[in-house]
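Q: Before anything else, here's the structure in question.
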Amino acid sequence: MVYIIDFGSQTAHLISRRIRELGASTKVINPDEALTEIKQLKPDGIIFSGGPASVYAKNAPTIDPRVFTLNIPILGICYGLQLISKILGGEVISGKKEYGPTTLSILPKTSLLSKNLPPRFKVWMSHGDEVTKLPAGFEVLGRSETLKFAFVQNLAKRLYGVQFHPEVEHTENGMQVLKNFLSICHPDPSVDEEGSKLDSSVNYQNAIKTQVQNIKDIVKEDFVIGAVSGGVDSTVAATLVVKAIGKKFIPIYIDNGLMRAGTTKWVEKIFKQIGSKPIILKVEEEMLRRLKGVTDSEKKRQIIGKFYIELFEAKMREAQNAGKNVTYLLQGTIYSDVIESQGTKHSSKIKSHHNVGGLPKKMKLKLLEPLRNFYKDEVRAIGLQLNLPKEFIFKQPFPGPGFAVRIRGEVTKDRLEKEKLADKIVLDELEKNNLLKDVFISFPVMTGSYSTAVLGDERFFGEVVALRIVQSKDVMTANFAEIPYPVLQKISSRIVNEVPGISRVVYDISTKPPATMEWE
Ligand code: XMP
């Protein structure tokens, strides 16, 4: 059993998932309650997560130093390492900020924590502070391009620390680092050999059974309205509900004009397959009217969220007048939506994913979110085991607020049409070049910036489109896709030639972190 102390990290839950994938059980707890629980239940190991605060900030989360006297191995990740250093007499400063990939060099020393690691590999960082002096008794196991103390240990006290994030998909050998820590906590050859390769089919079959039963227990005899978008998350969530309550599920698709072309047809087709018929509400004009003049991205999310709820509640009243008791609204919320919308005690709000934070505070419907604790790749695995078609399961995700968050500034009918046209060009070219399968998400952004162009010998001042194409599995980290230059060039010239008013196209080469996938 490993306890993960959550100092407000975006990835505390992900650390827990990784440790479970390695065969140990986990519990994520708040630092304030940690010491009592640890003393009572005596876990084999403890991980201090990262967190958004600086260890010197007022109200920065901390932990009772007696945790260091219990002789339980502790691994500090990022903020966790900085906190260990500060509490035990090291030095932390607001130092070189580092977000995204860097290279870790392992020093030639024998340590269980660096067992089976290559001498150099890529790791992902996300920190503003850095440890500049280690507490007494610590030694360095590895350094990054900029940090002396990126990978450290105090063998006698069984304390370990990494400034990088071993839990994220893009850190190479991250699972090996965590596996090494587990073998320090609990020397068990069955864990040490293969990592435990969970039999994922059995694993998700159980998850499906549990979620279907949970839905039945929660909903009882009532009806459920479903917010469906034609995307993977809401469709997988809907399939679970249909399995649980069948015809008492009322899916609703809101065609607000902000979705990709052809989505309505997709929704009808996929719901036919899962044995349910969605109500389609066409509200494009009203949606644009409500977004008129709005430029702030969070406001856009709130407006779209509020409009959705009004529509769902109207349908709820209609159903109730027809004698159906509707109490729940199904949403395909997944864990990355929750954590980015500030899902835990010490975490920061990154954005209000409209299916989590963008909803009005007062709602008549209660939320039903069976996928709230799952990551994107897990939702896809569940979808496959529910027999949803493969080409659908691996389709690109699309944000709930749709193109509204891909148009910086005001969403007008004219800019929306341009965005849709450019989006189609990007998809077309990636498909033609057989690149769609390697891409997690791709889209143009109407940036709201303007630049000069020369069109047929005449000066022209038009909008700049940014192209965002990224690779990711679990959404928590992402890298820009290395699309061949000729394909990028083709996309660029097609957008400038075919979409009116565009002066140039730029390619976004930011990683997540620090940049999120969407621009808003
Ligand atoms: P970010 O931009 O947060 O994107 O790195 C991660 C994933 O979430 C999607 N996304 C949203 N989905 N409502 C949603 O339902 C939102 O407000 C929202 N914002 C981003 C994004 O498309 C990507 O798949």
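Derivation of every value follows stated rules applied to the coordinates shown; laboratory data play no part. These figures come from a predicted structure and were not determined experimentally. Because the Cβ atoms are built from the backbone with ideal geometry, glycine has one as well, and the counts that use them run over all protein chains shown.
Q: Taking only C-alpha pairs under 8 Å that are 6+ residues apart, what is the relative contact order of the chain in percent?
A: Rounded, it is 11 percent for the chain.
Q: Can you bin the chain into rounded, prolate or oblate? Criterion: square roots of the alpha carbon gyration tensor eigenvalues sorted a ≥ b ≥ c, rounded for a/c under 1.5, prolate for a/b above b/c, oblate for the rest.
A: Details: a/c = 1.97, a/b = 1.36, b/c = 1.45.
Cα axes put the chain in the oblate bin.
Q: Scan the chain and note any complete DSSP helix (H) whose C-alpha atoms cover at least 18 Å along its axis and whose Kyte-Doolittle average is 0.0 or more.
A: 232-245
Q: Which trypsin sites (Lys or Arg not before Pro) in region 1-93 sit in a loop by DSSP (not H, G, I, E or B) and have at most 14 other Cβ atoms within 10 Å of their own Cβ?
A: Lys58
Q: Here's another thing I want to ask about it. Could you list which residues have their amide H under 5 Å from that of Ser449, counting only those 5 or more apart in sequence or on another chain, with H placed in the peptide plane?
A: Val464
Q: Roughly how many debye, to the nearest 20, is the charge dipole of the chain about its Cα centre, given +1 on each Lys and Arg Cβ, -1 on each Asp and Glu Cβ, and no other charges?
A: Details: 72 positive and 59 negative charges, 182 e Å.
I would put it at about 880 debye.
Q: Roughly speaking, what is the centre-to-centre gap between region 5-21 and region 373-389 when only Cα atoms are used, to the nearest Å?
A: 20 Å
Q: Please compare each pair in Lys265/Lys390; Lys349/Lys437; Lys306/Lys473 to a cut-off of 20 Å on the Cα-Cα distance and tell me which ones are over it. Mind dumping the intermediate values first?
A: On the way: Lys265/Lys390 18 Å; Lys349/Lys437 31 Å; Lys306/Lys473 30 Å.
Violating the 20 Å limit, Cα to Cα: Lys349/Lys437; Lys306/Lys473.
Q: Test of the criteria: in region 55-155, which chymotrypsin sites (Phe, Trp or Tyr not before Pro) are in a DSSP loop and have at most 13 other Cβ atoms within 10 angstrom of their Cβ?
A: Tyr56
Q: Cα centroids of region 249-293 and region 99-152: how far apart, whole angstrom?
A: 49 Å
Q: On to the next question. Could you list Thr264, Thr239 so that the one with the fewest beta carbons within 10 Å of its beta carbon is first and the one with the most is last? Could the numbers behind the result be given before it?
A: Details: Thr264 15, Thr239 25.
Taking fewest neighbouring Cβ atoms as first place, the list is Thr264, Thr239.
Q: So which GluC sites (Glu not before Pro) in region 129-165 end up in coil per DSSP with only 16 or fewer other C-beta atoms within 10 Å? Could the numbers behind the result be given before it?
A: On the way: sites: Glu130, Glu139, Glu145; in loops: Glu145.
Answer by residue number: Glu145.
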